[in-house]
1. Considering only residues that are aliphatic (A, V, I, L, M) and open to solvent by less than 40 Å² (accessible area, probe 1.4 Å), which ones fall in region 24-70?
2. Counting only residues that are of a type in the set (A, V, I, L, M) and either within 20 Å of the chain's Cα centre (by Cα) or open to solvent by 60 Å² or more (accessible area, probe 1.4 Å) (or both), which one in region 247-274 is farthest from residue 351 (Cα to Cα)?
3. Give me the residue from region 56-105 that is assigned to a loop (DSSP other than H, G, I, E, B) and free of Cβ contacts under 8 Å to residues at least 40 places away in the same chain and, out of that set, farthest from residue 192 (Cα to Cα).
4. Out of 131, 141, I need the residue that is among the basic types (Lys, Arg), within 30 Å of residue 30 (Cβ to Cβ) and exposed (fewer than 14 other Cβ atoms within 10 Å of the Cβ). Which one?
5. For a quick check of your reading: which strands (runs of 3 or more DSSP E) sit entirely within region 275-394 and have at least 1 residues that are more than 28 Å from the chain's Cα centre (by Cα) and farther than 30 Å from residue 259 by Cα?
6. From the list 121, 31, exactly one residue is part of a strand (DSSP E or B) and in contact (Cβ under 8 Å) with a residue 60 or more places away in the chain. Which is it?
7. Kindly provide the set of residues from region 351-365 that are exposed (fewer than 15 other Cβ atoms within 10 Å of the Cβ) and touching a residue at least 12 places away in the same chain (Cβ under 8 Å), ordered by number.
8. Can you find, within region 136-150, the residue that is nearest to residue 67 (Cα to Cα) among those that are part of a strand (DSSP E or B) and in contact with a Lys or Arg (Cβ under 6 Å, 6 or more places away or on another chain)?
Amino acid sequence: MTSVLVYLLLLVMPFVASKSSSQNPGCRIRITSKGLQFVKLETLKFVEQELENITIPDLSGTEGSFSYSINNVRVTHLQLSQSDLLFQPRRQLVLDISNASISLNFQRKLLYWLFYDVGMINASAEGVHIKTELDLTRDSKGRLKVSNMTCEATINRMQAGFSGTLKRVYEFLGSFITTGMRFLLNQQICPALRHAGLVLLNSLLNTIPVKKTVDDYIGIDYSLLSQPLVSEDSLDMDFRGMFYSLNAENDTIPNNSPVLHTKQKERMVYIALSEYFFDSAMYAYYRSGVLSLEIANEQVPKDLEILLRTSYFGSLMLLDPSVAESPMKLELKVSTPPRFTIKPAGTSVSVNAILNIYLIPPDQPPVQLSSMTMESRLNARVTLRKTTLQVHLDLKRFRIYSNKSALESLALIPLQGPLKTLLQLTVMPVLNERTKHGVSIPLPEGLDFTRETTTHHAGFILIGGDLHFSQSLREVINKYRTETTALPETTQSSNEAV
């Protein structure tokens, strides 16, 4: 009986461990069919450029009294009008090109009995069909990768046109050349596309940040939590979406946000951001010790200084006159990590802080007049500009009370209005100056957002938009392509018979 229980525990423990180690994403990105069709135009342009640069070896042969050789083969034109770029469940993208044509130009040398002729030949491959399937996966670092690619290419027919003095003599012998050229061309298509998919496209995916420094204090972790999920009309990617302090990368808060459900498919791209995404940013700043501010000397408004001296007149009377007349300093320090609350009506931020009021006599330690707790609620407006996520904060509610007694809290009521004005004029601009720099979203370089729309839901914000290429795929790939051209081990299907 004991051995049976042990066996059952061994079976259950991996399942329990996998469930407990899983976590909800802080950020989810959905690419819809509309987005894929937009990308298709740039993809076809890139494929054309790759096929135009294929290298076709020289060809020579002898058939009876007929000898030939061709060299300097160049692709002069491609027509890839009939094509589809599709999602294929569960982790694949499919590029299907049908009835395409490829025009070629090459130099010929022909010998028939005693007649010798050289010249140029214009040829065309008609009825070209190319089908590639790209497997998308999450690698060990949490980066999106093309892990495998299969390719099939066929050429229905090959035509060649001769020029020169012996044009009519050799036209009937052209089948020897066209058959050989058809074979060579067909053998070059898939290797060229395989290199483009596994090497060049992966160099583009390398521009998506996994871990990136945001500023001098915090960074962002955009590693994929799971394999990308491809349906018939969308691609969903779940990112960790967690900020961390550069001084303590492993010090994080638990993700208690709800699962990000995205049903919308009308726009090209949707980005869902949970409360955890923003809370981790606030915790990272808090952990870095930068959520504090000092307002001293001329920064303290004169009206507020007079009001403060009046409020603490009794305490000032007990001090030495030289100390009592010293300049004032206000020290504001957040006491707990701020928390975001996202509801259908909007987004707010709860902030608790300690406000200490000091006199700062020259060449002497500061003298504390009071310490009070400040509770405030801020409105947060989240926007996306191109690929930069920004947050603008506005002070909504504000309350202060004494840390010493309820009686002193009542005495602080006249200070609430002036202190709220001080926060609006001095603190809020500092916060918004820091947040306006924003953080990049995990999209490849060269893609920008346009026509953004933002909706609020219970526990997360959903930003929808369309895409715009600020740089072509070729420009980005040429910028980041690695010198190595080695291909990873993959499964490659054989071409069909030519």
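1. Our first condition is that a residue be aliphatic (A, V, I, L, M); within region 24-70, this holds for 29, 31, 36, 39, 41, 44, 47, 51, 54, 56, 59, 70.
Once the filter is applied, which keeps residues that are aliphatic (A, V, I, L, M) and open to solvent by less than 40 Å² (accessible area, probe 1.4 Å), region 24-70 yields 29, 31, 36, 39, 44, 47, 51, 54, 56, 59, 70.
2. Let us first name the residues in region 247-274 that are of a type in the set (A, V, I, L, M), namely 248, 253, 259-260, 268-269, 271-273.
Now restrict to residues that are either within 20 Å of the chain's Cα centre (by Cα) or open to solvent by 60 Å² or more (accessible area, probe 1.4 Å) (or both): 259-260, 268-269, 271-273.
On the way: 259: 25, 260: 25, 268: 36, 269: 32, 271: 26, 272: 24, 273: 20 Å.
So the residue we want is 268.
3. Residues of region 56-105 that are assigned to a loop (DSSP other than H, G, I, E, B), as a first pass: 56-58, 64-65, 80-82, 89-91.
The next check asks that each one be free of Cβ contacts under 8 Å to residues at least 40 places away in the same chain; those that pass are 58, 64, 80-82.
Numbers: 58: 17, 64: 35, 80: 16, 81: 19, 82: 20 Å.
Per the criteria, the residue is 64.
4. Numbers: 131 fails: exposed (fewer than 14 other Cβ atoms within 10 Å of the Cβ).
The unique qualifying residue is 141.
5. Numbers: elements: 292-296, 328-334, 339-343, 346-359, 367-385.
Because the criterion is at least 1 residues that are more than 28 Å from the chain's Cα centre (by Cα) and farther than 30 Å from residue 259 by Cα, the strands (runs of 3 or more DSSP E) in region 275-394 that meet it are 292-296, 328-334, 346-359, 367-385.
6. Matching residue, one of 121, 31: 31.
7. Start the filter on region 351-365 by keeping residues that are exposed (fewer than 15 other Cβ atoms within 10 Å of the Cβ), which leaves 352, 362-365.
If the condition is that a residue be exposed (fewer than 15 other Cβ atoms within 10 Å of the Cβ) and touching a residue at least 12 places away in the same chain (Cβ under 8 Å), then 352, 362, 364 are the ones that fit.
8. So in region 136-150, the residues part of a strand (DSSP E or B) come out as 136-138, 144-150.
Checking the rest, the ones that are also in contact with a Lys or Arg (Cβ under 6 Å, 6 or more places away or on another chain) come to 136-137, 149.
Details: 136: 48, 137: 51, 149: 39 Å.
Only one residue fits best here, namely 149.
The values are calculated or read from the model by the stated rules, or taken from the named source; none is laboratory data. Everything numeric here is computed off the predicted structure, so don't read it as measured data. All Cβ positions, glycine included, derive from the backbone under ideal geometry; neighbour counts span all protein chains shown. Side chains included, ligands, DNA and RNA excluded: accessible areas come from the protein's heavy atoms. Shrake-Rupley method; radii C 1.70, N 1.55, O 1.52, S 1.80 Å.
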